[in-house]
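Read through the structure below, which is laid out as structure tokens, and then see the notes.
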Amino acid sequence: MSTITEPAREIPVRATADVVVCGGGVSGVIAALAAARQGARAVLVEHHGFLGGVTTAALVNGIGGWQFDLDGAPLIGGIPLEVVGRIVAAGGGDVAQVENLATRRATPPDYRDGGLGCYWVQVNPEAAKWALDRLMEESGVRVLLHAQAVHPLLTAGRISGVLIESKSGREAITAPVVIDCTGDGDLAARAGAPFAIGREEDGACQPMTAIYVAGNAPRPHLWYRDEATDPEQDPLRRGRFRGAVADARERGTLTRNPNDLFCAATQIARRDERTSAVNFTRIQGRSAVDVADLTAAEIEGRQQVREAISFQRTYMPGCADAYVVQVAPHIGIRESRRILGDHVLTGAEVLAAAHFPDAIARGIYLLDIHNPKEVGKPSMLRMLDRPYSIPYRCLLPRGIEGLLVAGRCISGDATALASYRVQSHAMAIGQAAGTAAALAAQRGITPRALSTDLLRTTLRQAGANVGE
Ligand SMILES: Cc1cc2nc3c(=O)[nH]c(=O)nc-3n(C[C@H](O)[C@H](O)[C@H](O)COP(=O)(O)OP(=O)(O)OC[C@H]3O[C@@H](n4cnc5c(N)ncnc54)[C@H](O)[C@@H]3O)c2cc1C
């Protein structure tokens, strides 16, 4: 690609803060909230016109990965549980379910409970937007929507804020600590932090999914799991789905979607069994950090949705008049950059239930790898026997001071990412990042210099589970 040189120019300073959080998905919202609760002036910069990230923009409305720790305490407590509680209280889900998840178990947990070894809270994406707006307002976080964080302000490896682009033009926000919660690690990558993408052997990432809301379709008939994902599923039902896929493939009406193993449908509203967010499409071989690939993926996703709804109308009982209410405004990205930090959490550590002295969060979500390349081949699904810990060092990009990463883009290998990417875990990591950022800013030190004992004590005081 040829290049040009952009002329130097004066940039207005939109805000001066203690902590800037880039990206308002579940990790970013919670990071901003945690920083504000520690007394920091926090600014949250979000590309969309609403908060929630994948939960709202990609319509992934089953917030998963909740469990109980070995001692019966909630595996993920603190701000994540509070936030989910606020979403369900806003009419977005089952209040009693969240209360149960927040209540210590008297007996040791069974890590086969829930569904795929953990619990899922289904939320209404619009209720999530309202609740997150209210939470930001109450906590004094300054939110900028429709704003893109485009570049870190960086001098000799030390961050001092970010450049943003919006309808107001190019502006700066200065702050001693920046948290990259963009999912893709945009800011960390542009700061020069090393990163990895995809599987170790060939760089292939898990496929993307265009989730759509199907109306007038009874949810139970949309659900399908192959034996790899659900050994219990009724074989007759499984046979019927397989037969339908084979028939549609033969007739040339299901040509694009490589996935015939799994179709999930989660209700949008508790009392409406006929309107669900459907997770069925799979877009393989596209990069989430290349604009041409992203464009192609969005277009391909919509084409797959067209075929999917026609497939469901033809083959699924009670779905003859099903229709697409909406395709998610943003394609769902499962995997992109993993920013390499002071520690790289590995799949082996996750499986060994590793604990670290600088643990800031706990995880249990299974190793859930959707097939990156092949057609009709199972995903890798491996449930965990015991919870593992996530070290603070995974939030510290190598070689950069003043920067933290949180959510999906933290430092891990592709196998570990398959677990910690789930929303409840991304939220817990967000709480740790926001708390660390505020503590560091208040002390005039970099996040790397922060005492992890202080961080862990502060997190515990705020209800987070950081393990032993
Ligand atoms: C199809 C699919 C199905 C999934 N299923 C489940 C499930 O059932 N349950 C579950 O719990 N998890 C599921 N996950 C995983 C989970 O949803 C995500 O990994 C998690 O939500 C990531 O959260 P995050 O905060 O790291 O990133 P995101 O939610 O991606 O948030 C990033 C935010 O940053 C914004 N942003 C990006 N770049 C910039 C920028 N430069 N400037 C400003 N803003 C920016 C984006 O607009 C977005 O709001 C699924 C994911 C996908 C894609």
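Any read-out appearing in this document is the output of simple, stated calculations on the displayed coordinates, not a laboratory observation. These figures come from a predicted structure and were not determined experimentally. Heads up, the Cβs are rebuilt from the backbone with ideal geometry, glycines too, and the neighbour counts pull from every protein chain shown.
What shape does region 351-418 have by the C-alpha gyration tensor, where a ≥ b ≥ c are the square roots of the eigenvalues, rounded means a/c under 1.5, and otherwise prolate means a/b greater than b/c and oblate the rest?
Working: a/c = 3.53, a/b = 1.52, b/c = 2.33.
In terms of gyration-tensor shape, oblate.
Compute the FRET efficiency between Ala462 and Ala89 as 1/(1 + (r/R0)^6), taking r as their Cβ-Cβ distance and R0 = 25 Å, and round to the nearest 0.05.
On the way: r = 20 Å, r/R0 = 0.78.
It comes out at approximately 0.80.
Using a simple charge model, +1 on the beta-carbon of Lys and Arg, -1 on the beta-carbon of Asp and Glu, nothing else, what dipole does the chain show about its Cα centre, in debye to the nearest 20?
With only Lys, Arg, Asp and Glu charged at Cβ, the dipole is about 380 debye.
By Kyte-Doolittle mean hydropathy of at least -1.0 and Cα axial length of at least 18 Å, which whole DSSP H helices of the chain are selected?
TM-like helix candidates: 125-139, 291-315, 423-443.
So which GluC sites (Glu not before Pro) in region 109-199 are both in a DSSP loop and have at most 15 other Cβ atoms within 10 Å of their Cβ?
Passing both the DSSP loop test and the Cβ count: no residue.
Averaged over all directions, how much area does the convex hull of the C-alpha atoms of region 129-192 cover when projected, in nm²?
Taking a quarter of the hull surface, the average projection is 5.1 nm².
Hey, how many Å between the Cα centroid of region 424-468 and the Cα centroid of region 85-110?
Each part reduced to its Cα centre gives a spacing of 24 Å.
Any aspartates and glutamates with Cα under 17 Å of the Lys129 Cα? List them, leaving off those in the same chain fewer than 8 positions away.
Glu46, Glu82, Asp94, Glu137, Glu138
Just to confirm my numbers, what's the Cα centroid distance between region 317-336 and region 141-210 in Å?
28 Å
Going from the alpha-carbon gyration tensor of the chain, what semi-axes, largest first and in whole Å, does one get by taking the root of 5 times each eigenvalue?
Details: eigenvalues 248, 131, 87 Å².
So the equivalent ellipsoid measures 35, 26, 21 Å along its semi-axes.
Provide, for q = 0.18, 0.23, 0.26, 0.28 Å⁻¹, the log10 of I(q)/I(0) from a solvent-free Debye sum over equal Cα point scatterers in region 13-63.
Scattering profile of region 13-63, log10 relative to I(0): -0.57, -0.81, -0.93, -1.01.
Multiply the residue separation of Glu99 and Thr314 by 0.36 nm, subtract the distance between their alpha-carbon atoms, and state the gained length in nm to one decimal.
Answer, rounded to one decimal: 73.4 nm.
For Gln303 and Arg170, what does the FRET efficiency come to when R0 = 45 Å and r is the distance between their Cβ atoms, rounded to the nearest 0.05? Could you put the intermediate results ahead of the total?
Values: r = 35 Å, r/R0 = 0.79.
Calculated value: 0.80.
Tell me the mean residue ellipticity at 222 nm calculated for the chain from its helices only (DSSP H runs of n ≥ 4, each -39500 (n - 2.57), averaged over every residue, nearest 500).
-9000 deg cm²/dmol
Assigning unit charges at the beta carbon (Lys, Arg +1; Asp, Glu -1) and nothing else, what dipole magnitude in debye, to the nearest 20, does region 295-432 show about its Cα centre?
Roughly 80 debye, rounded to the nearest 20.
Rounded to the nearest 0.05, what FRET efficiency is calculated for Gln442 and Thr5 with R0 set to 35 Å and r the Cβ-Cβ distance?
Here the calculated transfer efficiency is 0.35.
Quote to one decimal, in nm, the extra length available between Leu236 and Asp71 on full extension: 0.36 nm per residue of separation minus the C-alpha distance between them.
This chain segment gains 55.4 nm when fully extended.
Over the chain, calculate the relative contact order: mean separation of alpha carbon pairs under 8 Å at least 6 apart, over the residue count, as a percent.
Normalised by residue count, the contact order of the chain is 22 percent.
Which residues in region 18-45 place their backbone N less than 18 Å from a point set 7 Å from the Cα of His146 along the Cα-to-Cβ direction?
Taking a point 7 Å out along Cα→Cβ of His146, the residues of region 18-45 whose backbone N falls under 18 Å are 23-24, 44-45.
Can you tell me the dipole magnitude for region 6-102 around its Cα centre, using point charges on the Cβ only (Lys, Arg +1; Asp, Glu -1), in Debye to the nearest 20?
Here the size comes out at about 320 debye.
Which residue, chosen from Met427, Leu384, Val13, occupies the Cα position most advanced towards the positive end of the dipole of the chain, where the dipole is computed from +1 (Lys, Arg) and -1 (Asp, Glu) charges on Cβ about the Cα centre?
Value computed over the given set: Val13.
If you stretched the chain out fully between Ser160 and Thr295, how much longer would it get, using 0.36 nm times the residue separation minus the C-alpha to C-alpha distance?
45.4 nm
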